[in-house]
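Peer 1: I am attaching a structure below and will ask some questions about it afterwards.
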Amino acid sequence: MKELNTVLVIMTDKHLGNFVASIPAIKALKHFYRDKRFYLAVDNSYKEIAEAICRNDNLILYPREGLRRCSAIKRAGIFFKFICQSRRVSPDLIIDLEARHISSTVAFLTGAPLRIGSSTATRSWCYNRKVDLSKEEEHKVYKYLQISSAAGASYENPYANLKASDAHVRSVKNKLSSMLISENKPIICIHPGAGKKFKEWTSEGFIEISDWLSSEGLQVVFIGGNRDLPKIYEIIAGLKSHAYNMGGMLSLGELIALLEISSLYIGNDTGPLHIASAVGTIPAIGLFFHPGAHKRWFPFTKDSTVLRGDVGCRECKGNHCLTFECTKKLTPSEVKSALEKIIDRTLIMR
């Protein structure tokens with residue numbers, strides 16, 4: 001085999017949580033291959049997070065959104081262009097962290113002489129070094145770290161420790177100032193959405209907790225994407241106290257910056273929860289309803305709390321459920337009890 005000069009890590013998965021969970025593995029690989037040319041292929045939507053790991057020149061962006069919005073012929077052309085970009089860096093080693101259809105195909109078509117991926121991948125034939133992943137039920141972070149370890153990159157710190165860029169910090173501070181949100185008072189970030197009904201705590205629950213937090217003199221800031229706005233509007237309309245709505249206002253880079261200066265995060269099992277965990281500077285409370293999801297997706301940070309609405313379902317029916325009883329099972333008093341412990345331990349001391 002020729003000398004290894006160029007490494008390409010592929011993590012083009014569309015799920016934000018998966019990408020965030022892969023960051024410790026990516027950072028371990030980047031450190032291990034620090035004297036090589038190191039590239040990262042990632043979904044274009046997550047560019048601002050990827051820039052916190054790699055220089056922009058070392059990113060190869062997968063244009064998922066562009067592929068969705070055009071004809072089959074144009075999609076083929078866009079995908080071919082992405083393959084050409086990946087081949088142009090002449091990788092000697094490919095490490096495919098997610099091993100889904102697209103990433104395994106890209107790994108094979110780059111022509112890299114050494115291609116590492118999971119042995120359980122549907123297209124495992126695309127790899128010439130296959131990794132047998134542990135079957136133990138553990139956090140997804142460790143699944144990715146198993147692959148990076150197989151590529152030679154051991155790790156001491158399994159945490160992501162994401163940092164915002166100076167530009168994103170300035171941008172967020174300007175937005176906070178324009179909304180009269182003080183950096184000198186504790187900020188509580190709440191993400192009430194999830195995109196899937198069976199993952200979302202009730203609006204009534206968020207209303208009660210938000211009112212209580214505000215009564216304690218804390219600044220409640222709701223965050224989320226545009227699709228979360230209807231739920232945020234519903235919650236704010238039901239509040240007796242004041243809260244701030246930053247839904248649809250923040251890029252992912254700005255979200256990292258906001259979380260760095262916040263005091264606490266509360267949210268359902270979805271991407272922003274995992275970003276808060278990856279920042280790692282604030283306590284994160286994750287609200288879980290899907291059976292077993294908390295075992296693989298609990299907030300992966302040193303200061304995390306998992307609260308569950310468990311009604312004993314053996315198998316989740318997802319959005320086809322008729323009652324969503326699990327989302328009602330978790331009571332505001334349980335959430336308040338967890339919050340009181342964290343506030344006593346952290347916020348009052350600030």
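The values are calculated or read from the model by the stated rules, or taken from the named source; none is laboratory data. Model, not experiment: these values are computed from the prediction. Note that we place each Cβ from the backbone using ideal geometry, even for glycine, and neighbour counts take in every protein chain shown.
Peer 1: For region 268-305, name all the residues that are over 24 Å from K27 (Cβ atoms) and either within 13 Å of the chain's Cα centre (by Cα) or outside any helix (DSSP H, G or I) (or both).
Peer 2: N268, I285, L287, F288, F289, H290, P291, G292, T305 - these are the residues of region 268-305 that are over 24 Å from K27 (Cβ atoms) and either within 13 Å of the chain's Cα centre (by Cα) or outside any helix (DSSP H, G or I) (or both).
Peer 1: A160 - would you say it is surrounded by 20 or more Cβ atoms within 10 Å (Cβ to Cβ) and not assigned by TED's automatic domain parsing to the domain that holds T323?
Peer 2: So A160 fits the description; yes.
Peer 1: Could you please let me know if F198 is modelled with pLDDT under 95, at negative phi, in contact with a helix residue (DSSP H, G or I) (Cβ under 6 Å, 6 or more places away or on another chain) and not in a loop (DSSP other than H, G, I, E, B)? Steps first, please.
Peer 2: Working: modelled with pLDDT under 95: yes; at negative phi: yes; in contact with a helix residue (DSSP H, G or I) (Cβ under 6 Å, 6 or more places away or on another chain): yes; not in a loop (DSSP other than H, G, I, E, B): yes.
For F198, the condition - modelled with pLDDT under 95, at negative phi, in contact with a helix residue (DSSP H, G or I) (Cβ under 6 Å, 6 or more places away or on another chain) and not in a loop (DSSP other than H, G, I, E, B) - is met.
Peer 1: Here are the criteria: (1) of a type outside the set (K, R); (2) buried (at least 20 other Cβ atoms within 10 Å of the Cβ); (3) out of contact with any Ser or Thr (no Cβ under 6 Å at 6 or more places or on another chain). Tell me which single one S215 does not satisfy.
Peer 2: Going through the list (1) of a type outside the set (K, R); (2) buried (at least 20 other Cβ atoms within 10 Å of the Cβ); (3) out of contact with any Ser or Thr (no Cβ under 6 Å at 6 or more places or on another chain), S215 breaks only (2).
Peer 1: Select from region 322-345 the residues that are at pLDDT 75 or above and polar (S, T, N, Q) and write down the one among them that is nearest to E216 (Cα to Cα). Steps first, answer last, please.
Peer 2: Let us first name the residues in region 322-345 that are at pLDDT 75 or above, namely 325-345.
Keeping just the survivors that are polar (S, T, N, Q) gives 327, 331, 333, 337.
Numbers: T327: 25, T331: 19, S333: 15, S337: 14 Å.
Checked region 322-345; the qualifying residue nearest to E216 (Cα to Cα) is S337.
Peer 1: Could I ask something else about it? Could you check how many residues of region 83-101 are within 16 Å of T6 (Cα to Cα), touching a Ser or Thr at 6+ places or on another chain (Cβ under 8 Å) and not hydrophobic (A, V, I, L, M, F, W, C)?
Peer 2: The total comes to 6.
Peer 1: What pairs can you find where one residue is in region 4-25 and within 13 Å of A50 (Cβ to Cβ) and among the hydroxyl-bearing types (S, T, Y), the other is part of a loop (DSSP other than H, G, I, E, B) and at pLDDT 95 or above, and their Cβ atoms are less than 7 Å apart, with a gap of 6+ or different chains?
Peer 2: Partner pairs satisfying both residue conditions: S22/L97.
Peer 1: Since Y159 meets every condition but one in (1) modelled with pLDDT under 95; (2) within 21 Å of the chain's Cα centre (by Cα); (3) under 30 Å from I236 (Cα atoms), which condition does it not meet?
Peer 2: (3)
Peer 1: Sticking with this structure for a sec: Residues in region 116-166 that are touching a Gly at 6+ places or on another chain (Cβ under 8 Å) and in a helix (DSSP H, G or I): how many?
Peer 2: The qualifying residues number 4.
Peer 1: Here is a follow-up. Residues to consider are F108, F79, F38; find the one that is assigned to a helix (DSSP H, G or I) and either touching a Lys or Arg at 6+ places or on another chain (Cβ under 7 Å) or within 21 Å of T6 (Cβ to Cβ) (or both). It would help to see each step written out before you state the result.
Peer 2: Values: F79 fails: either touching a Lys or Arg at 6+ places or on another chain (Cβ under 7 Å) or within 21 Å of T6 (Cβ to Cβ) (or both); F38 fails: assigned to a helix (DSSP H, G or I).
Testing whether each residue is assigned to a helix (DSSP H, G or I) and either touching a Lys or Arg at 6+ places or on another chain (Cβ under 7 Å) or within 21 Å of T6 (Cβ to Cβ) (or both) leaves just F108.
Peer 1: Among the residues of region 238-254, how many are out of contact with any strand residue (DSSP E or B) (no Cβ under 9 Å at 6 or more places or on another chain) and either among the small types (G, A, S) or not in a loop (DSSP other than H, G, I, E, B) (or both)?
Peer 2: Of the residues in region 238-254, the ones out of contact with any strand residue (DSSP E or B) (no Cβ under 9 Å at 6 or more places or on another chain) are 238, 240, 248-254.
Filter again for either among the small types (G, A, S) or not in a loop (DSSP other than H, G, I, E, B) (or both), leaving 238, 248, 251-254.
Final tally of qualifying residues: 6.
Peer 1: Do we have A112 as more than 30 Å from F80 (Cα to Cα) and crowded, with 22+ Cβ neighbours inside 10 Å here?
Peer 2: So A112 fails the test.
Peer 1: Being over 27 Å from P113 (Cβ atoms) and not in a loop (DSSP other than H, G, I, E, B) is the requirement here; does I73 meet it?
Peer 2: yes
Peer 1: Residue under question is A121, and the condition is that it be in contact (Cβ under 8 Å) with a residue 40 or more places away in the chain and either within 20 Å of the chain's Cα centre (by Cα) or assigned by TED's automatic domain parsing to the domain that holds I49 (or both); does it hold?
Peer 2: Details: in contact (Cβ under 8 Å) with a residue 40 or more places away in the chain: no; either within 20 Å of the chain's Cα centre (by Cα) or assigned by TED's automatic domain parsing to the domain that holds I49 (or both): yes.
No; evaluated as a whole, the condition is false for this residue.
Matching residues to (1) within 19 Å of G271 (Cβ to Cβ); (2) modelled with pLDDT of 95 or more; (3) of a type outside the set (S, T, N, Q); (4) not assigned by TED's automatic domain parsing to the domain that holds P91:
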| position | (1), (2), (3), (4) |
| --- | --- |
| D13 | yes, no, yes, no |
| K36 | no, yes, yes, no |
| R55 | no, no, yes, no |
| N58 | no, yes, no, no |
| R64 | yes, no, yes, no |
| A72 | no, no, yes, no |
| A76 | no, no, yes, no |
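Peer 1: While we're looking at this one, here's another question. Which of the residues that make up region 239-281 are of a type in the set (V, I, T) and either surrounded by 22 or more Cβ atoms within 10 Å (Cβ to Cβ) or not assigned by TED's automatic domain parsing to the domain that holds P332 (or both)? Step through it out loud before you land on a result.
Peer 2: Initially, region 239-281 is screened for residues of a type in the set (V, I, T), giving 256, 261, 266, 270, 275, 279, 281.
Scanning region 239-281 gives I256, I266, T270, I275, V279.
Peer 1: For residues that are among the small types (G, A, S) and either in contact with a helix residue (DSSP H, G or I) (Cβ under 8 Å, 6 or more places away or on another chain) or crowded, with 18+ Cβ neighbours inside 10 Å (or both), tally how many sit in region 75-109. Before the answer, list the steps.
Peer 2: Just the residues of region 75-109 that are among the small types (G, A, S), to begin with: 76-77, 86, 90, 99, 103-104, 107.
Of the ones still in play, those that are also either in contact with a helix residue (DSSP H, G or I) (Cβ under 8 Å, 6 or more places away or on another chain) or crowded, with 18+ Cβ neighbours inside 10 Å (or both) are 86, 99, 103-104, 107.
Looking only at that region, the number is 5.
Peer 1: Further, regarding this structure: Check whether at least one residue in region 31-52 is in contact with a Ser or Thr (Cβ under 9 Å, 6 or more places away or on another chain), of a type in the set (A, V, I, L, M) and free of Cβ contacts under 8 Å to residues at least 60 places away in the same chain, and report yes or no.
Peer 2: yes
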